[in-house]
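Reviewing the structure listed below.
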Amino acid sequence: MARIDTQANLSSISLNTANQSYSNTLEVYSTTKSALLKDIDTAKLQYENAQTTRDNTFSTTEKQLELAKAQLDAVTTQKENTTKTVDTSLTLANQSLDNAKLTLDNFNKNADETLKSLDIKKKSLADKKSGLIDTLETTISSTLSTTDTSLTNIDMILGVTERNKAYNDDYEIYLSAKNASNLNQAKDMFTQTNADFAKLKEKYHQDLSEADIVALYKECLVVVDEMNTLHEKMTDVLDDTIISQPLPESVL
């Protein structure tokens, strides 16, 4: 009887254990199933994402390929155009270089001819200038000689300087007897002209440059003008003179 109870107790314990194990198994199964379902959902989502990524990547890659092809075509076209442009530029550059060389050659030829022409003109001008200076020197020399003679003759009449005073003594009282002012004016003019002439002679005997000769010629013209005025005044002096006897031949 006791053995039967013991066996019953053991059977009851085993049943409880089995139930507990079954319950645990169900719980593990439920947990495992839930986890697997989540994993399946996650995997499905990852799969869908992978497909989307694949599609996007394919689309992007296709677009990149199209873009790359378009860029390649553009680069190829640009290269061809650049090659044509470079060839054209080189041709034009060579033509420009040839034209520049031709222009330079022509310039050098024209420059040489121009320099030769200028050299000839320069020599011609130098010859003309030299001839002109010689002419001026001759004119100055002749003017000085003529003026010197004229002043000496006028001084013989007016007796302004002591050098020709003796020629003037015999007829000085008759000079400008009608109008003494003309005589005084003539003497003043003679004094001024004679002083300018003395300076002119002093410069003439110096070592003169071409510029000095030209300047001296201009001073000669001034003295010549003074001499013309003095001669006109001498005409008035002689017109005012009363002569009782002929003037000495040297004066005439």
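What follows draws every value from the coordinates through simple rules; no lab data is involved. What you see is a predicted model, and the numbers here were worked out from it, not measured in a lab. Glycine gets a Cβ as well: all are built from the backbone with ideal geometry, and neighbour counts include every protein chain shown.
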Query raised in the report: Only one residue in ASP207, ASP196 is in a loop (DSSP other than H, G, I, E, B), of a type outside the set (A, V, I, L, M, F, W, C) and within 54 Å of the chain's Cα centre (by Cα), so which one is that?
Result: ASP207
Query - In region 151-177, residue farthest from VAL237 (Cα to Cα) [restricted to those that are surrounded by fewer than 18 Cβ atoms within 10 Å (Cβ to Cβ) and in contact with a helix residue (DSSP H, G or I) (Cβ under 8 Å, 6 or more places away or on another chain)] - result: ARG163
**Report entry** Test: LEU216 is out of contact with any Ser or Thr (no Cβ under 8 Å at 6 or more places or on another chain), aliphatic (A, V, I, L, M), touching a residue at least 60 places away in the same chain (Cβ under 8 Å) and assigned to a helix (DSSP H, G or I)
**Finding:** yes
Report summary line: Flagged in region 184-212 as of a type in the set (Gly, Ala, Ser) and over 22 Å from THR241 (Cβ atoms), in numbering order, are ALA195, ALA198, SER209, ALA211
